[in-house]
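Trainee: Please see the structure below; I have some questions.
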Amino acid sequence: MCGIVGYVGNKDAYPILVKGLYRMEYRGYDSAGVALVHSDKVEVYKCQGRVKDLETFCEGKDISGNCGIAHTRWATHGEPSNQNAHPHFSSDRKIALIHNGIIENHLVLRDALIKQGYEFTSDTDSEVLIHLIEDINKNENVDLPEAVRLALSQVQGTYAIIVVSIDDPHTLITARKGSPVIIGFGKDEYYVASDGSALVEYTKKVVYLNDEEIAVLTPGNDLTVKTVKNKRVSHYIQQIQISLDQLEKGGYEHFMLKEIYEQPRSIADSMRGRLNVKKDVVSLGGIVEYEDRLLSARRIIIVACGTSYHAGLVGEHLFEDLIRIPVEVEYASEFRYRNPIIYEDDVVIAISQSGETADTLAAIELAKKKGATVLGICNVVGSSIARATDAGSYTHAGPEIGVASTKAFTAQVTVLALMALCLANRKGKIPQKRYKKLVEELESIPSKVETILKDNESIKQIANYMKDFSNALYLGRNYNYPVALEGALKLKEISYIHAEGYPAAEMKHGPIALIDEDMPVVVIATNKGSYEKVVSNIQEVKARKGKIISIVSEGDVDVKKLSDYVIEIPETEEMYVPILASVPLQLLAYHVAVMCGRDVDRPRNLAKSVTVE
Ligand code: F6R
C-alpha cells in the first residue's frame, strides 16, 4: 500500500523516481507525486491518477535536481485527490515528506498542531508528520534528523517515510515501522524504496531497515542509522536477488498473464534443490532445524490473508493427511484480534507472498509473544515477515507484480506439499512406496501445468460465455474447496463479477436458492476424493437449470455429460489437484476481466502489498 522512492547523488533524480514509481505502482495507484530539491527551493508536483498522469502533469515544468522523493498512493485517510496526494510540505515549504502506513493517533496530533497555528491542506493522516517534524525542528532547536526521531517517538501506527529539506539539499532521511524501507548503495549516491524492484536497475547492494530505525543518507558520508530510542545501529550490506527481466512484461499483455504462464518454471524453482527424485529425498534447508519441533507440535496454526490463506487451507489437508498433526487455518486479521489460545508447543506458519502484509505480521508478533515457534513461507526475500519469523522457506516464485496473486499461490502450495512430504517421511509413518509415488508425482507437476496452459484458447471461449453474468458460484470439496474459494476470489477481484466459493455439499444449505439459468456454477470435479458426491451436487444444480462449467480429470465421462463447458486437467494425486486446477481458473478470470475491459494488473480499490490493517 503506497510506494515510496528516493534518490540522492549526482544523476538527475526525476527519471529515477518516476521509473521507481512505475515499478511500484502495484502498491497503490490512485495518485502520485514527486518532490525535487532545486538550488533555491523544494518543488512538489502531485496529482490524482496514475504515474503516467503525474508525468503528463510534469511536462514543461522544472524537473531538475539530484535529490528527490516520490510516492504512489493507495488511499486510507482522505479520498484520492490532488491535495491528498504526497509529498506533503511543511508550512514554510522547506521540508517535504512522503509516507506509507497509517498514523493511528493523527487526530490528537492534528488538533494539537492546529492549536499551535499549523494549517492542514489535506485530509491525510500523513500530513501530521510533516508539521510535527517542522514544529520540533523549529521550536526545540534540533537538526532535521533529530526532529524526525523525536516526531516519530510521538506517533503510534506504521510508517515508511522519506524526508527532504532545502536546508540540507543532498540528504535523504528515511525511517520505518511496519512498512518496508530498502536502502540501495551506488557510487556516491543512495536510493531508497519500498521494494527492491525500484532499485535493482541501479544497484544490487542494499540494506533493509528494521522497525523504528532512522537512516540519514548523504552521498560521500557513510550510512548512519539510529533507532527511535536514539541508539546507534549498524547494518551489513546484502545482495538483492531480483533481475530486471523479471520486472518486465516480456511480450505479454499483462503481468498477470505472464505470471500465469511462468508457473511451470516458478513451481519447478520452488522445488529446486529440495526434491531429489533419484534419491527419494525431500528436504527444505530453511526448516531442517525445526523438523522435530514441527513433528512434536501440539498443533500447527497457519495464518495468512487472501490467496495465501487459501494456500493455507490446502496446507491443512496436506499436513493432516500426511503427518496427522491437527492444523488450524486462520485469517491473520481475525487471529490477531480474537485473543486466540496459543500454546508454547504450537507451531505457527505464516504464509505471505509479499512478506509485508500488516495483519500477518501482527499475527506473527502475537504468536511470538505467546511463546510459539513461528515459521514463514514468503516469496519476497528479506521481507518483514521473512525476518520476523524464527525460520522458514522461500517460495522462489520470482517477483509477482500483477495485483491478483497467481504464481505465488501455486508456489505456496508446492512448498507446503514439500514440507508435508519431508515431515511425513521423517516421522516414518508413510509407507515408502506411497512416499516415492508422491515425490515422483510432485516432480511431474510443472510439465502438467504446461499442458493445461495449452488449453488457453478453449478457456477463452468459456470466458466469453461467463463475461455477461453478474454472479458465479464456485464449488469444490476437500482439497478442491480452497480451489473454489481461490477461483471465486480471482474472478471477483479482477472482473468485478460477484463470485462465491463454497464447499459443494454446503450448497443445499442456502446458496442453492440462487441457482437459475443465470447462475454459472464452476465445479472442480476431479476424479479422486468425493467424486460421486460432487456428481450428485452437479445434478442438483442441473435440476434447477444452473449452467455447469467443470474442471475434470482427463478421460472423465460422468461430469462431462452433465456440463455445459468442460476443462480437462491431467491426472494427478488428489493432494496436487489444487496446483493444477487453480491454473485454468486463473486463466478464466483473466480472460473474463480482459473481455469486460478491466484493468487486470491494477484492479480498482486494490493494492498488492497490504501494509495497513
Ligand atoms: C489476491 C491477493 C490478495 C493477497 C493478500 C495477502 O489475489 O493477491 O488476497 O493474497 O493480500 O497478501 P500476501 O500473500 O502478500 O500476504
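The values are calculated or read from the model by the stated rules, or taken from the named source; none is laboratory data. Worth saying up front: this structure is predicted, and the values here are computed from it rather than measured. Cβ atoms come from the backbone with ideal geometry, glycine included; neighbour counts cover every protein chain shown.
Trainee: Here are some conditions: (1) at pLDDT 95 or above; (2) buried (at least 16 other Cβ atoms within 10 Å of the Cβ). Residue 53 meets all but one. Which one does it not meet?
Mentor: Condition not satisfied by residue 53: (2).
Trainee: For residues in the range 1-30 being in contact with a helix residue (DSSP H, G or I) (Cβ under 8 Å, 6 or more places away or on another chain) and in a strand (DSSP E or B), which is farthest from residue 84 (Cα to Cα)?
Mentor: 7
Trainee: Looking for something among the charged types (D, E, K, R), in a loop (DSSP other than H, G, I, E, B) and more than 20 Å from residue 98 (Cα to Cα) - is there at least one such residue anywhere in the range 208-220?
Mentor: Residues of the range 208-220 that are among the charged types (D, E, K, R), as a first pass: 211-213.
Checking which are in a loop (DSSP other than H, G, I, E, B) leaves us with 211-212.
Cutting the leftovers down to more than 20 Å from residue 98 (Cα to Cα) gives us none.
Looking for residues that are among the charged types (D, E, K, R), in a loop (DSSP other than H, G, I, E, B) and more than 20 Å from residue 98 (Cα to Cα), one finds none in the range 208-220, hence no.
Trainee: Still on this structure, please answer the following. Only one residue in 446, 482 is assigned by TED's automatic domain parsing to the domain that holds residue 572, surrounded by 16 or more Cβ atoms within 10 Å (Cβ to Cβ) and either more than 16 Å from the ligand (Cβ to nearest atom) or closer than 21 Å to residue 304 by Cβ (or both), so which one is that? Even if it seems obvious, please write down each step before you answer.
Mentor: On the way: 446 fails: assigned by TED's automatic domain parsing to the domain that holds residue 572.
Criteria check complete, one pass: 482.
Trainee: Taking the range 406-418, which residues are in contact with a Ser or Thr (Cβ under 7 Å, 6 or more places away or on another chain), more than 12 Å from residue 307 (Cα to Cα) and either at pLDDT below 95 or of a type in the set (A, V, I, L, M) (or both)? Don't jump to the end; show me each part of the working.
Mentor: Taking the range 406-418 as the starting set, the residues that turn out to be in contact with a Ser or Thr (Cβ under 7 Å, 6 or more places away or on another chain) are 407-412, 414-415.
Next, from what is left, pick out any that are more than 12 Å from residue 307 (Cα to Cα): 414-415.
Answer for the range 406-418, where residues must be in contact with a Ser or Thr (Cβ under 7 Å, 6 or more places away or on another chain), more than 12 Å from residue 307 (Cα to Cα) and either at pLDDT below 95 or of a type in the set (A, V, I, L, M) (or both): just 415.
Trainee: Can you give me the number of residues within the range 464-474 that are surrounded by 22 or more Cβ atoms within 10 Å (Cβ to Cβ) and farther than 11 Å from residue 520 by Cα?
Mentor: From the range 464-474, those surrounded by 22 or more Cβ atoms within 10 Å (Cβ to Cβ) are 466, 472-474; that's our starting set.
Adding the requirement that they be farther than 11 Å from residue 520 by Cα leaves none.
Residues in the range 464-474 being surrounded by 22 or more Cβ atoms within 10 Å (Cβ to Cβ) and farther than 11 Å from residue 520 by Cα: 0 in total.
Trainee: Would you tally the residues in the range 584-601 being surrounded by fewer than 20 Cβ atoms within 10 Å (Cβ to Cβ) and under 27 Å from residue 100 (Cβ atoms)?
Mentor: 2
Trainee: Moving on. Would you mind stating whether residue 345 is farther than 27 Å from residue 2 by Cα, of a type outside the set (A, V, I, L, M, F, W, C) and touching a residue at least 60 places away in the same chain (Cβ under 8 Å)?
Mentor: In short, no.
Trainee: Would you point out the residue of the range 325-342, among those that are within 13 Å of the ligand (Cβ to nearest atom) and either among the small types (Gly, Ala, Ser) or without any contact (Cβ under 8 Å) to a residue 24 or more places away in the chain (or both), that is farthest from residue 298 (Cα to Cα)? Reasoning before the result, please.
Mentor: Filtering the range 325-342 down to residues within 13 Å of the ligand (Cβ to nearest atom) leaves 331-333.
From what is left, the residues that are either among the small types (Gly, Ala, Ser) or without any contact (Cβ under 8 Å) to a residue 24 or more places away in the chain (or both) are 332-333.
Working: 332: 20, 333: 23 Å.
The selected residue is 333.
Trainee: Now for a different question. Considering the range 90-137 alone, what residues qualify as being crowded, with 23+ Cβ neighbours inside 10 Å, more than 33 Å from the chain's Cα centre (by Cα) and not polar (S, T, N, Q)?
Mentor: Correct list: 134 only.
Trainee: Could you pull out the residue among 371, 392, 355, 398 that is of a type outside the set (S, T, N, Q) and within 8 Å of the ligand (Cβ to nearest atom)? Break it down stepwise before answering.
Mentor: Working: 371 fails: within 8 Å of the ligand (Cβ to nearest atom); 392 fails: within 8 Å of the ligand (Cβ to nearest atom); 398 fails: within 8 Å of the ligand (Cβ to nearest atom).
From the options 371, 392, 355, 398, the qualifying one is 355.
Trainee: Another question about this same structure. Name the strands (runs of 3 or more DSSP E) wholly within the range 139-190 that hold at least 1 residues that are without any contact (Cβ under 8 Å) to a residue 60 or more places away in the chain and closer than 18 Å to residue 44 by Cβ? So that I can check it myself, show each step before the final result.
Mentor: On the way: elements: 159-165, 168-177, 182-186.
Hits in the range 139-190: 168-177.
Trainee: Another question, if that's okay. Filter the range 513-533 for residues that are of a type in the set (A, V, I, L, M, F, W, C) and either assigned to a loop (DSSP other than H, G, I, E, B) or over 23 Å from residue 463 (Cα atoms) (or both) and give the result.
Mentor: At the first step, the residues of the range 513-533 found to be of a type in the set (A, V, I, L, M, F, W, C) are 513-515, 519, 521-525.
Result: 513, 515, 519, 525.
Trainee: For the range 371-411, what are the residues that are assigned to a strand (DSSP E or B) and either of a type outside the set (A, V, I, L, M, F, W, C) or within 14 Å of the chain's Cα centre (by Cα) (or both)?
Mentor: First, the residues of the range 371-411 that are assigned to a strand (DSSP E or B): 373-378, 391-394.
Within the range 371-411, 373, 376, 377, 378, 392, 393, 394 qualify.
Trainee: Among the residues of the range 265-302, which ones are within 16 Å of the ligand (Cβ to nearest atom) and either hydroxyl-bearing (Ser, Thr, Tyr) or touching a Lys or Arg at 6+ places or on another chain (Cβ under 8 Å) (or both)?
Mentor: Residues satisfying the conditions are 266, 270.
Trainee: Okay, moving on. With respect to the numbered conditions (1) buried (at least 23 other Cβ atoms within 10 Å of the Cβ); (2) in contact with an Asp or Glu (Cβ under 8 Å, 6 or more places away or on another chain), which one is the sole condition not fulfilled by residue 528?
Mentor: Looking at each condition in turn, residue 528 falls short on (1).
Trainee: Let me ask something else about it. Name the single residue that is surrounded by the fewest Cβ atoms within 10 Å (Cβ to Cβ) among those in the range 66-89 being out of contact with any strand residue (DSSP E or B) (no Cβ under 6 Å at 6 or more places or on another chain) and farther than 19 Å from residue 13 by Cα. First the steps, then the outcome.
Mentor: So in the range 66-89, the residues out of contact with any strand residue (DSSP E or B) (no Cβ under 6 Å at 6 or more places or on another chain) come out as 66, 74-79, 83-84.
Cutting the leftovers down to farther than 19 Å from residue 13 by Cα gives us 74-79, 83-84.
Values: 74: 23, 75: 20, 76: 18, 77: 16, 78: 17, 79: 11, 83: 16, 84: 24.
Here the answer is 79.
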